[in-house]
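Asker: Can you read through this structure? Questions will come right after.
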Amino acid sequence: MTQEQQGKVYEGVLYQLKSYIEENQLKPGDKLPSERELSEQLHVGRSSIREAFRAMELLGLIETRRGEGTYMRAYRPYHMVELLSNFLLNESRTKSELLTAMHMIEKEVLTLVQDKLSDHHFHQLNEILEASEEKNLHCAVFEYLFTICDQHLLRSMWQFISGFTNTVHDVQHHKEWYREMFEALKKGNTIGILQLYR
């Protein structure tokens with residue numbers, strides 16, 4: 001599937017979820033079907049449902065309760081989701097800017113975290129590097145780094161932007177890229193960190 005097709009699927013999932021909520025008159029506190037159930041009902045992959053859920057959660061429309069499921073958080077007009085999906089997925093210039101914005105936040109968190117990393121943290125990062133598949137590696141590394149630097153707003157911004165970015169860009173790096181990052185972090189080499197993104 002091309003990136004354009006992935007974008008159309010993702011946008012379609014947002015619209016279908018919006019329609020589902022309105023048709024079933026779901027109210028705050030009502031439970032949504034599981035990813036698997038929605039995947040079967042809407043005939044799309046679970047990864048598309050997951051990305052749509054992530055965007056809706058970051059917009060404050062739903063909340064995920066660990067071990068319980070996904071619930072409506074507050075009913076309000078869903079024009080924001082429509083506008084964001086149309087703007088972010090259909091504007092060619094914005095597709096390029098998405099990647100730039102994602103990289104800006106990543107460089108900021110790497111700068112913030114470099115003085116906070118201990119040997120234990122580097123050990124954990126190397127474990128993530130060895131244990132994660134390449135397609136999940138970027139998310140796993142940065143989720144861990146955001147946890148260390150304790151920047152909740154920055155993390156939410158990154159999750160939101162990267163969620164959309166991954167629908168139009170193939171954001172993957174070889175493991176050597178992360179090894180170079182860890183080495184730059186160990187040395188406190190800010191220039192080395194920035195050069196990784198050139």
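Asker: Mind checking Rg over Rh on region 132-182, alpha carbons, Kirkwood formula for Rh?
Answerer: The Rg/Rh ratio comes out at 0.97.
Asker: Hey, which of these cross-link pairs are over 27 Å Cα-Cα: LYS31/LYS135; LYS18/LYS107; LYS107/LYS186; LYS27/LYS135; LYS18/LYS175?
Answerer: LYS31/LYS135; LYS18/LYS107; LYS27/LYS135; LYS18/LYS175
Asker: Which of the three applies to region 90-198, rounded, prolate or oblate, going by the alpha-carbon gyration tensor with a ≥ b ≥ c and a/c under 1.5 meaning rounded?
Answerer: prolate
Asker: Here is a further query. How would you order 173-179, 51-57 from highest to lowest mean count of nearby Cβ atoms within 10 Å?
Answerer: On the way: 173-179: 12.9, 51-57: 21.7.
Going from most to least packed, we get 51-57, 173-179.
Asker: Once phi is turned into θ = phi - 60°, what whole-Hz ³J(HN,Hα) does the Karplus curve with 6.51, -1.76 and 1.60 give for every residue of region 172-178, x standing for Gly and Pro?
Answerer: Per-residue couplings from phi come out as 9, 10, 6, 4, 4, 4, 6 Hz.
Asker: Show me, for region 36-51, the HN-Hα J-couplings you get by feeding each phi into the Karplus relation (A = 6.51, B = -1.76, C = 1.60, θ = phi - 60°), rounded to Hz, glycine and proline as x.
Answerer: So the Karplus estimates, Gly and Pro as x, are 5, 5, 5, 4, 6, 5, 9, 6, 9, x, 5, 5, 5, 4, 4, 5 Hz.
Coordinate-derived values only; no laboratory data. Just so it is clear, the structure is predicted and the values come from calculations on it, not from any experiment. All Cβ positions, even for glycine, are placed from backbone atoms using ideal geometry, and neighbour counts span all protein chains on display.
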